[in-house]
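Undergrad: Have a look at this one before I ask anything.
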Amino acid sequence: MVRYVLRRLAWSVLVLFLITVITFVLSRVVPANPAAMVTGLGASTEQIQEVRRIMGLDRPLPVQYEEYMRGLTKLDFGKSIRTQRPVTDDLRVFLPATFELMIISFVVYVLIAIPLGMLSAVRTGSVVDFIIRGSSIVGSGVPVFWLALLLQLVFFARLGILPSGGRIGARAAAPPHLTGFFTIDSLAAGDTEMFLTVLKHLILPVTAIVISMLAVGVRLTRSSMLQELNQQYVRTARSKGLTERRILFGHVLRNALNPVISMFGIQLGYLLAWIILVETIFQWPGIGLYAYNSFQGLDYAPIMALTLVFSAFFVLVNLVTDLIYPLLDPRISI
């Protein structure tokens, strides 16, 4: 186990190193001039060149990369042109909002996808099976950005029962900072009204994310459950008089979860990409909206930092997913 983890960590470090090289080179070959954006439209050539010198963009690429890597060892991702703050400070501000949205969305997704997949497998060929599969496929076939806009149109513009975006109301003050998760911070402050407000603002973005992901989880859970239900040990358990509930939850589900957990890990990694669209549409002040604004402004330092953070998160999720396998099935060794 220890050797496997160390080997995976070594590969992860290599992958992240290659990502820094690729993103750094791409950021420098893109035909855009960050110095010109800093100085503004009316700047002279001399002013732009002076800013390039201050930003270090006039130095050879190997020297720039060496300085960038030296900064990474100190968790210094550079300074954002748009916010005029260190990128590390921006990440501390925006990451909690994104992680709160991601975690809540993913938990809701898992709690819905697995039971629906199990029900579809147990009732295979029935009307219930058809409805579950059909509705999940239709929902996932709709682009997440279109679904988000549709939810805003129906529940905000037409019905007026849910807010269109943001984490809290425009006039509301954020709860006292403890974790950066408004749900936890509001509960810790004993502010029930704020907690309910935060939940109302979470409903639409969470719904858009969950519906767009649902078909994969439901179909994979269903197929994995059906495969296990046809195994010999299920027939043996039934012949011994075990109840269907005990067979289903005590044996079949546990054995069926390995491929499901693997897919959930992959989806959790890709969720960071969807977050950019969802946060932009719902004006959720997280890392997705920060990334969108950085891309629009060709703000190199945040773009490179976000690429590295997203990649590190994806690598970590895959490592954790692999380590969960033996816990679910002792027959698997790593």
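The values are calculated or read from the model by the stated rules, or taken from the named source; none is laboratory data. All values reported here derive from a predicted model rather than from experimental measurement. Neighbour counts run over all protein chains shown; Cβ positions are idealised from the backbone, glycine included.
Undergrad: Any residue that is out of contact with any Gly (no Cβ under 6 Å at 6 or more places or on another chain), in a helix (DSSP H, G or I) and loosely packed, with under 14 Cβ neighbours inside 10 Å - is there at least one of those in segment 219-232?
TA: yes
Undergrad: Within segment 130-142, work out how many residues are of a type outside the set (Gly, Ala, Ser), touching a residue at least 24 places away in the same chain (Cβ under 8 Å) and part of a helix (DSSP H, G or I). Lay out the reasoning, then the answer.
TA: Taking segment 130-142 as the starting set, the residues that turn out to be of a type outside the set (Gly, Ala, Ser) are 130-133, 137-138, 142.
Those left that are additionally touching a residue at least 24 places away in the same chain (Cβ under 8 Å): 132-133, 137, 142.
Okay, now just the ones that are also part of a helix (DSSP H, G or I), so 132-133, 137.
Qualifying residue count, segment 130-142: 3.
Undergrad: For segment 232-262, enumerate the residues that are among the polar types (S, T, N, Q) and in contact (Cβ under 8 Å) with a residue 24 or more places away in the chain. Talk me through it step by step, then tell me what you get.
TA: Quick first cut of segment 232-262, residues among the polar types (S, T, N, Q) only: 232, 236, 239, 243, 255, 258, 262.
Matches in segment 232-262: 255, 258, 262.
Undergrad: Check segment 167-177 and report whether any residue there is small (Gly, Ala, Ser) and touching a residue at least 60 places away in the same chain (Cβ under 8 Å). Break it down stepwise before answering.
TA: From segment 167-177, those small (Gly, Ala, Ser) are 169-170, 172-174; that's our starting set.
Next, only the ones that are touching a residue at least 60 places away in the same chain (Cβ under 8 Å) stay: none.
No, there is no match, as no residue in segment 167-177 is small (Gly, Ala, Ser) and touching a residue at least 60 places away in the same chain (Cβ under 8 Å).
Undergrad: Another one. In segment 121-169, what count of residues is obtained for those that are farther than 19 Å from residue 276 by Cβ and of a type outside the set (D, E, K, R)? Write out each step before concluding.
TA: Applying the first criterion (farther than 19 Å from residue 276 by Cβ) to segment 121-169 yields 121-139, 141, 153-163, 168-169.
Of the ones still in play, those that are also of a type outside the set (D, E, K, R) are 121-122, 124-128, 130-132, 134-139, 141, 153-157, 159-163, 168-169.
Adding up the residues that qualify gives 29.
Undergrad: Against the condition touching a strand residue (DSSP E or B) at 6+ places or on another chain (Cβ under 6 Å) and not charged (D, E, K, R), how does residue 96 come out, does it pass? Explain how you work it out, then say what you get.
TA: Values: touching a strand residue (DSSP E or B) at 6+ places or on another chain (Cβ under 6 Å): no; not charged (D, E, K, R): yes.
Criteria not met by residue 96.
Undergrad: How many residues, within segment 1-44, are modelled with pLDDT of 75 or more, surrounded by fewer than 15 Cβ atoms within 10 Å (Cβ to Cβ) and β-branched (Val, Ile, Thr)?
TA: 5
Undergrad: For residues in segment 131-163 being crowded, with 17+ Cβ neighbours inside 10 Å and among the polar types (S, T, N, Q), which is modelled with the lowest pLDDT?
TA: 140
Undergrad: Hey, another quick one. List the number of the failed condition for residue 58; all other conditions in (1) without any contact (Cβ under 8 Å) to a residue 24 or more places away in the chain; (2) assigned to a helix (DSSP H, G or I); (3) over 30 Å from residue 181 (Cβ atoms) hold.
TA: Condition not satisfied by residue 58: (2).
Undergrad: Exactly one condition in (1) assigned to a helix (DSSP H, G or I); (2) over 21 Å from residue 309 (Cβ atoms); (3) of a type in the set (Ser, Thr, Tyr) is not met by residue 124; state its number.
TA: (1)
Undergrad: If residue 179 satisfies all but one of (1) closer than 17 Å to residue 271 by Cα; (2) in a loop (DSSP other than H, G, I, E, B), what's the number of the condition it fails?
TA: For residue 179, the exception is condition (1).
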